[in-house]
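Engineer: Could you have a look at this structure, given as structure tokens, before my questions?
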Amino acid sequence: SDASDSIEDISDDVKDSVETVSEDTRDSAEKVTSDSVDSLKTVSNDARESTEDVSNNTNDAVDSVSKNVEDSAKQVSNDTGDAIESTTTNIDETTETVSNDIRDSIDEVASNLNDSFKDITQGKDTKVITPEEYAEHMKNKNK
């Protein structure tokens, strides 16, 4: 009966050891599983945050490029407007100068004709002069 008790004690000890090993194995498996899930969550969160950072940086870069293009377009538009305004002013001034020069020339021709008619009507001796003589006369007159 001692042998039977010993076998029973050994059997209980083996059974307890197997249960302990089984519980330890289950606890270890749960811990590994829990650690794996936590690691996957961390990796997933890190990946999501990195993706958000890249997306935000891309959006910022696109916004910056868009703003630079818009600013450049405004500058080109302003420069074009300034150039057109300057050209228009120059054309106006040139037209005014040409117009004044033409008016002065017409006035001078009219005055010369008027002087010639006065000479003729007053019986002064008049003669036909050459274009060269006229040019010389005008040069001397304007001195």
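Read-outs: derived from the displayed coordinates by stated rules, not from any lab. Quantities reported herein were computed from a predicted structural model and do not represent experimental measurements. Quick reminder, even Gly has a Cβ in these numbers, built from the backbone with ideal geometry, and neighbours come from all protein chains shown.
Engineer: For a quick check of your reading of the model, give me the residue pairs whose first member lies in region 32-51 and is without any contact (Cβ under 8 Å) to a residue 60 or more places away in the chain, whose second is part of a helix (DSSP H, G or I), with beta-carbon atoms closer than 8 Å and at least 6 apart or on different chains.
Structural biologist: none
Engineer: Also, I was wondering about something else. Any residue that is in contact with a helix residue (DSSP H, G or I) (Cβ under 9 Å, 6 or more places away or on another chain), surrounded by 10 or more Cβ atoms within 10 Å (Cβ to Cβ) and part of a helix (DSSP H, G or I) - is there at least one of those in region 80-89?
Structural biologist: The answer is no, given that none of the residues of region 80-89 is in contact with a helix residue (DSSP H, G or I) (Cβ under 9 Å, 6 or more places away or on another chain), surrounded by 10 or more Cβ atoms within 10 Å (Cβ to Cβ) and part of a helix (DSSP H, G or I).
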